[in-house]
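Colleague: Pasting a structure here, questions to come.
FYI, it's all coordinate maths here, none of it is from the lab. Everything numeric in this text was worked out from a predicted model, so none of it was measured. With ideal geometry, Cβ positions are generated from the backbone for all residues, glycine too; neighbour counts draw on all protein chains shown.
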Amino acid sequence: MKKFIVFGLLASKIVFGATITVAAAADLRFVLQDLTALYEKEYPQDKLKFIYGASGNFYNQIRAGYPIDVFMSADTHFPELLYKQGLSYKPRAYAIGKLALFTTKNIDVDNPKLAFLKAQKVAIASPRVAPYGVAGISTLHCYHVYNDVKDKIIFGENIIQTTQFVASKNADVGLVSYSLILAPQLYSKGKFYLIPQACYKPIVQSAAVIKATKDKNAAMRFFNFLYSQEAIAIWKSFGYGIPR
Amino acid sequence: MIDYSPFLISFGVAISTTIVLGVVGIFISYFLAFNKSIWIDMIEPFIMSPLVLPPTVLGFYIMYMFGLQSPFGRFLNNIGIHLLFNFNGLLLGSIIYSLPFAVSPVVSGFRSVPKSIIEASYTLGKSKFYTLLKVIIPNAKYSIISALVLVFSHTIGEFGVVLMVGGDIPGKTRTASIAIFDYVQELNYKQANITALILFAIAMSTLIFLQILKRFQER
């Protein structure tokens, strides 16, 4: 009997491979490359596909019937809304994002207030659809520079576009996700300063399996993987805090 | 190394749109070109509106009409019609978005066909449909060909509508123009460059083709 169960488990692991489509907040673009490599090593039968964008846009699309399996938001608000509307299974927080002031120019970011005032263009994600944008605006208030800076903000549609504005030197400084700066593609490109946590509400990021998924088991497999010990190590290496 | 799926999707959508609009466009153009009624004059702006409307306006309305959060969208879903976030959605969005390009050149082509030969065909007892097929269309063939080429290249190049209605799903609705956007965002400038160059070459060759066509027409 026991042998049968073991065989059954093995068979289920081998036979029922699936393509899992994940709509992921833009700040996850680089950390998910590492997580995917680990996941696909552990579950070689599954194939992961990612779509990156602003969490608010994904929320709207999921309500319209977006055919995805897992939604990884940059906040807890949008997954909770989906859950309340019966569109997803129970969401769970996977990481806590941090905000950093980033520049690729010769600007001293260790004094954020001066850096904000000195910059000609400040990149921030759109606070309407991107949780990192909300934190960015709150940071400007925290340093009492909102009124001086508000006319020189350039809004990114999501946090990675915002980061790209800075990386391409089109913005002098930007309030971006710390995890993106830690990615090898960007780490050596500029200087950063971690914004003190007191300046903005913690960016707790939640994921949820979407009810309309074609393969709940596979979706759950990936969802649960996000909270595994191996995954946590990767979250930490990209500068994320781990929710209790 | 280069991911071909966005190109295959773009071409699939563009070819399908061109076929659908080739047929639909000719009939719409026929009614617009030869009908003197005031009602037809009022329809024309609606057909031409995608020329001046931001793609996001179209994308937004298509999404809200056919999405599951609307009663109409739920009704369609229940009877098995899915028009969002799949190939059909891309096709629907592209047909609406490229409609003016299928109609505008053909209408002016049809109007420039000499009245006398159309009337000669009627006098010989030929039906309206037969006249359209054998007299009007052959005389306006350059306009029709340029309309088809324009529809094709315009569909390849569209971004806003396909992003909102298609949803950027890799291997399904991520078209070449959206792929560029994604490559740039992940700082993958090399892939963005390759994809952009290919699209640039396609766009230029269609325009050059139209230029050559114009020469032929003027002869």
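Colleague: By average Cβ neighbour count within 10 Å, what is the ranking of A:219-229, B:32-42 from highest down?
Modeller: A:219-229, B:32-42
Colleague: Quote the FRET efficiency, to the nearest 0.05, computed for residue A:237 versus residue B:46 with a Förster distance R0 of 56 Å and r equal to the Cβ-Cβ distance.
Modeller: Here the calculated transfer efficiency is 0.50.
Colleague: Then there is this: Take the Cα radius of gyration of chain B and divide it by 2.2 N^0.38 Å, with N its residue count; two decimals is plenty.
Modeller: Computed over Cα atoms of chain B, the ratio equals 1.16.
Colleague: Right, something else. Looking at the stretch B:107-219 from every direction and averaging, what is the projected area of its Cα convex hull in nm²?
Modeller: That works out to 9.7 nm².
Colleague: With a Cα-only, solvent-free Debye model of the stretch B:150-202, what are the log10 I(q)/I(0) values at q = 0.16, 0.25, 0.26, 0.29 Å⁻¹?
Modeller: Log10 I(q)/I(0), no solvent term: -0.45, -1.01, -1.07, -1.18.
Colleague: Which entries of A:236/B:190; A:118/A:236; A:98/B:172; B:115/B:141; A:90/A:150; B:115/B:214 show an alpha-carbon separation above 28 angstrom in the structure shown? Intermediate results must be reported in sequence, preceding the final value.
Modeller: Values: A:236/B:190 30 Å; A:118/A:236 33 Å; A:98/B:172 33 Å; B:115/B:141 16 Å; A:90/A:150 38 Å; B:115/B:214 23 Å.
As for pairs spanning more than 28 Å Cα to Cα, those are A:236/B:190; A:118/A:236; A:98/B:172; A:90/A:150.
Colleague: May I pose another question? Within the stretch A:97-199, what percent of beta bridges assigned by DSSP are antiparallel, to the nearest 5?
Modeller: Among the beta bridges of the stretch A:97-199, antiparallel pairing accounts for roughly 55 percent.
Colleague: Bin width 10 Å, alpha-carbon pairs only: give the P(r) of the stretch A:151-200 as whole percents, running from 0 to the bin holding the largest distance.
Modeller: Going out from 0 Å in 10 Å bins, the stretch A:151-200 shows 24, 57, 19, 0 percent.
Colleague: How shielded is B:65-73 by partner chains, expressed as the average number of their Cβ atoms within 10 Å of its Cβ atoms?
Modeller: 3
Colleague: Could you name the aspartates and glutamates whose alpha carbon sits less than 19 Å from that of residue A:84, not counting residues in the same chain fewer than 8 places away?
Modeller: By straight Cα distance, residue A:84 reaches A:69, A:75.
Colleague: Still on this structure, I have one more. Under 37 °C and 0.692 mPa s, how fast does the stretch B:36-85 diffuse according to Stokes-Einstein, given a Kirkwood radius computed over C-alpha pairs? Answer in µm²/s, whole number.
Modeller: Rounded, D is 259 µm²/s.
Colleague: Compute the semi-axes of the equivalent ellipsoid of the stretch A:97-199, taking the square root of 5 times each eigenvalue of the Cα gyration tensor, and list them largest first in whole Å.
Modeller: Semi-axis lengths for the stretch A:97-199 are 17, 15, 13 Å.
Colleague: Let me ask something else. Once you've got the GNM for chain B with C-alpha springs shorter than 10 Å, pick whichever of B:66, B:152, B:46 has the biggest mean-square fluctuation.
Modeller: B:46
Colleague: Rg and Dmax of the protein assembly as shown over Cα atoms: what are they, in angstrom?
Modeller: Computed over the Cα atoms of the protein assembly as shown, radius of gyration and Dmax are 26.6, 90 Å.
Colleague: Please compute the average number of Cβ atoms from other chains found within 10 Å of each residue's Cβ in peptide A:155-165.
Modeller: 2
Colleague: Would you tell me the mean number of C-beta atoms belonging to other protein chains that fall within 10 Å of each C-beta in B:167-173, as a whole number?
Modeller: 6
Colleague: Would you compute, for the Cα atoms of the stretch A:150-244, the largest minus smallest coordinate along each principal axis and list the three values in descending order, in whole Å?
Modeller: The principal-axis extents, from largest down, are 47, 28, 28 Å.
Colleague: Sticking with this structure for a sec: Along each of the three principal axes of the Cα atoms of chain A, give the extent in whole Å, ordering the values from largest to smallest.
Modeller: Principal-axis extents of chain A (Cα, largest first): 71, 37, 30 Å.
Colleague: Right, something else. Under 15 Å Cα-Cα from residue A:189, which aspartates and glutamates qualify once same-chain neighbours fewer than 8 residues away are excluded?
Modeller: Cross-link targets: A:108, A:172, B:186.
Colleague: Please report, to one decimal in angstroms, the Kirkwood hydrodynamic radius of the stretch B:1-129 built from all distinct Cα-Cα pairs.
Modeller: 17.2
Colleague: Using the Kirkwood formula on the Cα atoms of the stretch A:79-124, what hydrodynamic radius do you get, in angstrom to one decimal?
Modeller: With all distinct Cα pairs of the stretch A:79-124 included, I get 14.0 Å.
Colleague: Using r as the Cβ-Cβ distance of residue B:190 and residue B:126, and R0 as 45 Å, what FRET efficiency do you calculate, to the nearest 0.05?
Modeller: The pair residue B:190/residue B:126 has a calculated efficiency of 0.15.
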